Amino acid sequence: MAVLDEAYDTHAELYASFLDPTLAAPTERLVELAGAGADVRLLDLATGTGPVARAAAGRGARVVAVDQSRGMLDVARRLSPQLDFRVADAHALPFDPAAFDVVTCGLSLSHFRRRDAVLREVLEVLRPGGRFVASAWGPGSCFPTGGIGDLLSTSADEEVTSLDEATWSAAERGAEVLRRAGFTRVATATEFFTGRFADAEQALAWSLAWPLTAADLAALDPAAREELLTVAREALRDADLSWRFAINYFVAMAPDTSSVDR
Ligand SMILES: C[S@@+](CC[C@H](N)C(=O)[O-])C[C@H]1O[C@@H](n2cnc3c(N)ncnc32)[C@H](O)[C@@H]1O
């Protein structure tokens, strides 16, 4: 299993405890753009611990959610036992053609190793005229980390740089990929979300909850880990504890065979 996949599997609880709460507003915006209302048949792709699925179900949508990570899905099921979570790879979706009105995908486009294959699957499971709504990190995010990224430098770095952030953090580039894949009426918007950590310890816990960071930290011996945490705490002591997330949203339609604007 790849380093990143294993990290998601192992550190899912941290993700739910620290990352999901700060991503609640971007998630709500995603399901709003998805039009996730009563009886909409919605597939949440790469659902993770299920925040998008939960928000969509809260608006009355009939939700099925998939992820390849059993660890993330274990947490998702614990948090929302009433929802339908399934293990599946986005590159080979186990659904009938046209099974969904909407497909959502929160902050995961950059993870797919063969993005065109995934987009083909999305088009296949969407009904004609159905809607694909996805989010990705945009340019201009900032948050205090205590320099954790620089302090931890391991083999996982290679995996991080293999994520396709370049495509999806440039909204127009991402939109072009969607058009070429066969989507119509592709629209993008970058939106900003702000907040503030209560204190330096909360900021540190948040920085350490990202799956690869958590995996790197767990791989250190106890003395090295303590030393690193001391340096990070010192860096955070007088830091500005506010954060700003820049999120790119993509809204795209599956071609409607009965429509003239294909
Ligand atoms: C950054 S998390 C996002 C989770 C969730 N959508 C959210 O908004 O918080 C990325 C997720 O993508 C999942 N993932 C990555 N590649 C996948 C694939 N090929 N098929 C299914 N899930 C995948 C990971 O397991 C992880 O749960």
Whole-percent pair-distance distribution, where bins are 10 Å wide, for the alpha carbons of the stretch 1-159: 10, 39, 36, 12, 2
Using alpha-carbon coordinates, inclination of helix 115-125 to the longest axis of the chain, degrees: 40
Label-point separation, residue 150 to residue 87 (7 Å along Cα→Cβ), nm: 4.1
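Let me know the charge dipole size of the chain about its Cα centre in debye, to the nearest 20, where only the beta-carbon of Lys, Arg (+1) and Asp, Glu (-1) is charged. Present the calculation step by step, with values, prior to reporting the outcome.
Working: 25 positive and 38 negative charges, 226 e Å.
With Lys and Arg at +1 and Asp and Glu at -1, about 1080 debye.
Taking only DSSP H segments of four or more residues, each worth -39500 (n - 2.57), what value at 222 nm results for the chain once the sum is divided by all its residues, to the nearest 500 deg cm²/dmol? Show your work: numbers first, answer last.
Values: 12 runs with 108 residues, N = 262.
Value at 222 nm, helices only, nearest 500: -11500 deg cm²/dmol.
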Per-peptide average of other Cβ atoms within 10 Å, ordering 187-197, 173-183, 48-58 highest first: 48-58, 173-183, 187-197
D (Stokes-Einstein, µm²/s), Kirkwood Cα radius, the stretch 1-95, 0.692 mPa s at 37 °C: 245
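Over the Cα atoms of the stretch 56-132, what is the Rg over Rh ratio if Rh follows Kirkwood? Mind showing how you got there, number by number?
Numbers: Rg = 12.6 Å, Rh = 13.2 Å.
Using Cα coordinates only, the ratio equals 0.95.
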Whole-angstrom gap from the stretch 189-225 to the stretch 162-178, using each part's C-alpha centre: 25
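No lab work stands behind these numbers, since they all come straight from the coordinates. Note that the structure is a prediction, hence the values are computed from the model and not measured. No Cβ is skipped: glycine too gets one built from the backbone with ideal geometry, and neighbour counts run over all protein chains shown.
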